[in-house]
Structure formats: structure tokens, C-alpha cells
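This report refers to the structure that appears directly beneath it.
The values are calculated or read from the model by the stated rules, or taken from the named source; none is laboratory data. The model shown is predicted, which means the values in this text are computed figures rather than measured ones. Cβ placement follows ideal geometry from the backbone for every residue including glycine, while neighbour counts extend to all protein chains displayed. These accessible areas exclude ligands, DNA and RNA; they are computed on the full protein's heavy atoms, side chains included. Shrake-Rupley method; radii C 1.70, N 1.55, O 1.52, S 1.80 Å.
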Amino acid sequence: MLGVILAFPEKRWENYTIPVNGEPAVKLTEKRLLMSKRIDEVLTIVRKDKLKTYSLHVSNPVPVSARSKMEALLRALFDEPFFLVEGNMPLLMPFLVNYLIGLYYENEPEAVIPVWRDGSAEVFHAVYEPDALENAIRSATAEGYTSFSKVVEFLDYEPVSIEELAKRNPKVTMSFFRIKNSPDVRFAEEFLRENPL
């Protein structure tokens, strides 16, 4: 399956090139995604004006001109199902990626999205069918939504309980960790030191 990293900052704190153990977070995210047995290739969606920067750090940057993450995904949509992750998630767990992709192939829903007990969905750690995602983004946009998290309202997706998975393997929750600041970097570095793959 295709792996897609979204490294498209909307907010000031979103820095996908912040160093973690001397490597940009987006590069670590790409490496960990490629460790998944079910991922064949990884593409990284980046701002067109940042192509030069990202081409130094990732294998296959896809430059896009857009105002938001939702618009960037719409402009860069692919022809095959894909696993989507955000570029600031360097603790991504390959075994979880494999599991979610397996569920997708088994049931073939429009998407497989991990969900927390409170109902919030991890939309940037999920498997998507491209036509369904395109329709969901267009519907969300037509309704006036600008946040990608709202696409779940327009998808017939298979929810996967994060807490249930964490009961079997507590490291599952680390896969959803996002780096936003220097304390997050220190936490990620410590975790990677104690839990090498």
C-alpha cells in the first residue's frame, strides 16, 4: 500500500523539520512508515514553496499549492488506497500501521480510522480509499468546514478503538504522539532511546 505523509503546516507551531535525535521529524516518520511490511512506497505532501527544504529530508516530496491541509490532500489525491500520517509523528508504530492496513483489506470500508474513547478520530493516522476521501472532503468543504477532522462525518469508516488496542500493547498510544515543541522533542528522543526498533 502507498504511504502518504502530510507535511503541510497550517499553524505556526507545525514544524515538520524539527530535529529529533539529529534528524528531522518528517524523515523519522518516513523511516518508520517504511518499516511497515505493508507499505511499498512513501510520498510526502509539502507546500510548493518548501519543496527545496523537504527534498533534502524525504525521498518523494509532492509539491502542492493550497491554503489548507484539506485542500492540499484534495489536490494531491492518489489513485489507490493509502495510509495517511502527519509529518510530526516520528513515534509511528509500524506494527499498528500493518494492523490497520490489514483491517482495510479484510473489510474494504471507505476508511479505517483509530478512535479514542471520547469519540475523537485520529484522521492523520488512518487508511483511506481515495474516491471516498475526495467525496468526503468536497462535502465537508461545501458544508463550510475547513478542518480535516470533519471529514469523518462524511465517510462510512471502520472505527478502531485505540484503548482496546492499547490493552494488548501499550506502545500503541505512542503512535499518535505529535511533536509540537521542544519538550515533545525531548520526550520523543527519550522514548526512541529506550525503545529502538
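Amide hydrogen proximity for Ala126: with H placed 1.01 Å from N in the peptide plane, the residues at 5 or more positions away or on another chain lying under 5 Å are Leu84.
Across q = 0.21 Å⁻¹, region 17-60 modelled as identical point scatterers on its alpha-carbon atoms has Debye log10 I(q)/I(0) values of -0.70, in the order of the q list. 3J(HN,Hα) along region 16-21: 7, 9, 4, x, 10, 6 Hz, from the Karplus curve 6.51 cos²θ - 1.76 cosθ + 1.60 with θ = phi - 60°, whole Hz, x for Gly and Pro. Using the rule -39500 (n - 2.57) for each DSSP H run of four or more residues, divided by the residues of the chain, the 222 nm mean residue ellipticity is -10000 deg cm²/dmol.
Placing +1 on the Cβ of every Lys and Arg and -1 on the Cβ of every Asp and Glu, with no other charges, gives region 54-132 a dipole of roughly 400 debye about its Cα centre.
In the structure shown, the pairs Lys37/Lys150; Lys31/Lys52; Lys37/Lys180; Lys69/Lys167 are assessed against 26 Å; a Cα-Cα span above that value is assigned to Lys37/Lys150; Lys37/Lys180; Lys69/Lys167.
Applying 1/(1 + (r/R0)^6) with R0 = 25 Å to the Cβ-Cβ distance of Glu189 and Trp13 gives a FRET efficiency near 0.85.
For region 93-197, the fraction of C-alpha pairs farther apart than 19 angstrom is 51 percent. Counting only protein heavy atoms, what percent of the accessible surface of region 13-158 is carbon or sulfur at a 1.4 Å probe? Carbon plus sulfur share of accessible area: 46 percent.
For region 93-123, applying the loop criterion from DSSP together with a ceiling of 15 other beta carbons within 10 Å to the chymotrypsin sites (Phe, Trp or Tyr not before Pro) yields Trp116.
Might you tell me the accessible area per residue for region 83-197, computed with a 1.4 Å probe and given in Å²?
Values: 5420 Å² over 115 residues.
On a per-residue basis, region 83-197 sits at 47 Å².
Other residues lying with their Cβ under 12 Å from the Cβ of Trp13 contribute a combined charge of +1, Lys and Arg counting +1, Asp and Glu -1. Between the residues Ile45, Phe95, Leu56, the greatest Cα displacement towards the positive end of the dipole of region 12-118, with unit charges on the Cβ of Lys, Arg, Asp and Glu, is found for Leu56.
So if we plug the beta-carbon distance of Ser65 and Arg168 into 1/(1 + (r/R0)^6) with R0 = 45 Å, what FRET efficiency do we get, rounded to 0.05? Can you show the working numbers first?
Working: r = 42 Å, r/R0 = 0.94.
The formula returns an efficiency of 0.60 here.
Loop-resident chymotrypsin sites (Phe, Trp or Tyr not before Pro) (DSSP state other than H, G, I, E or B) in region 1-67 with no more than 16 further Cβ atoms inside 10 Å of their Cβ: Trp13.
Starting from the Cα-Cα distance between Met35 and Phe78, subtract it from 0.36 nm times their residue separation and give me the gain in nm to one decimal. The partial results should precede the final answer.
On the way: separation 43, 0.36 × 43 = 15.48 nm, distance 2.13 nm.
Contour length minus Cα-Cα distance gives 13.4 nm.
The distance between label points at Lys180 and Leu103 comes to 2.4 nm (points 7 Å beyond Cα on the Cα→Cβ vector). Exposed loop sites were defined as trypsin sites (Lys or Arg not before Pro) in DSSP loop states (anything but H, G, I, E or B) carrying at most 14 other C-beta atoms within 10 Å; in the chain the longest segment without such a site runs 118-179. Both the radius of gyration and Dmax for the chain are 15.7, 46 Å, in that order, over alpha-carbon atoms. The mean sequence distance of close C-alpha pairs (under 8 Å, at least 6 residues apart), as a share of the length of the chain, puts its relative contact order at 23 percent.
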